[in-house]
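Here the structure is laid out as structure tokens; the discussion comes afterwards.
Every read-out reported here was derived from the displayed coordinates using simple, explicitly stated rules and does not represent laboratory data. Remember, predicted model here, so these are calculated numbers, not experimental data. Here the Cβ positions follow ideal geometry from the backbone for every residue, glycine too, while neighbour counts run over all protein chains shown.
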């Protein structure tokens, strides 16, 4: 890399400068003095004859004999500048509309120097990057665009792949990057099969246009009121940009922040970098990261059973009521089994919208410490009911360690079994009649236009819904309260040696 050209010849300054920056405590004044020394040396230097000759020869070979009449962009490209975890784009310098040998060569020197600005060095410090890195300088022929901007192939805030956004304004993209012009913002919907459509168009004022000067450099121009109220891109170009963005994303295999320019209906891609903010947790996510609990080596979640009943992601209504149902179920079980507990361990969990059963809390709670079953038999019984087969025999020890402190007396175990039979048989008829009563009373109007009205209607009949659910789950012989069907099947398979309630 050409950035090491000057510093290599001044090894002592380089060594002393970066050794002072590497010391543990942050001392701003000393660090600023250190990097200022490097920048001063760069800015006072000129390209040596060999480097200048090599650079100009490469430009002439690429752009032809008339390259001196063209405008060029001289861009910094530092190692680690644009990454998925850190990006200091904008900290390093880029010089637009450079014309002639001297301006291009001076811009190269300034790009090198920008690598050692205080902000650039401090950013590398804070993000764990090497302080002394290399930098390339890219010389590109300028496109004098009608409009330019940036395209995000994922939503840059939520990270949703179903949304793409475009920020664009008249003239050079510097108007968007620097914020001197309020750009147009276009939002695209993107399906799983990469079909895109325009979701929203927000037209900015675009009062200022950054344009290239014919003599080199850029100038700010005032945009007329009528032009400022018009869209900077046609619908056709917006959709075409979205399709190109998907192709670029596939090429890099990740979401991209793409700089582009449009000239006479032709789209030019200038740069593509990872969306740095995509995987950074925001304050809300950090504050609520433990809301759903933390998985440990002694938890086993499964979509067996629940995956059949609710095969897709649960709706917000289902999620909001599941917690209350879970608590109600455990309260009912506590009455039946005389279970004493100081805390509540929920039987269900929600992960990525999918309702899952916590096998330890729901399936393995009954064991030799809490019932007349052996731990092995009860585990096998519940796994037959949930999975249709027995799994994970190595879990027996961890189940017993977990529930050894919840040991029940023989009287408590006997009471729990008697209550279970009473609920499964004697209460079946009465609870069924109660369910019928509530079902006949249901009057749910689903023709409402507002979700708030629908939630209010559902809340009014929530007790009815809950009673019906409890009847279905716990009030029948083959519900979860009795679990008689898998018990009988296991008894038949084992010739009556294991009937699930008592070990015979």
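Here are the numbers for the structure shown:
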| quantity | calculated |
| --- | --- |
| D (Stokes-Einstein, µm²/s), Kirkwood Cα radius, region 203-272, 0.692 mPa s at 37 °C | 231 µm²/s |
| Sorted peptide list for 132-139, 148-155, criterion being average Cβ within 10 angstrom, highest first | 148-155, 132-139 |
| In Å, descending, principal axis extents of the Cα set of region 143-280 | 45, 29, 28 |
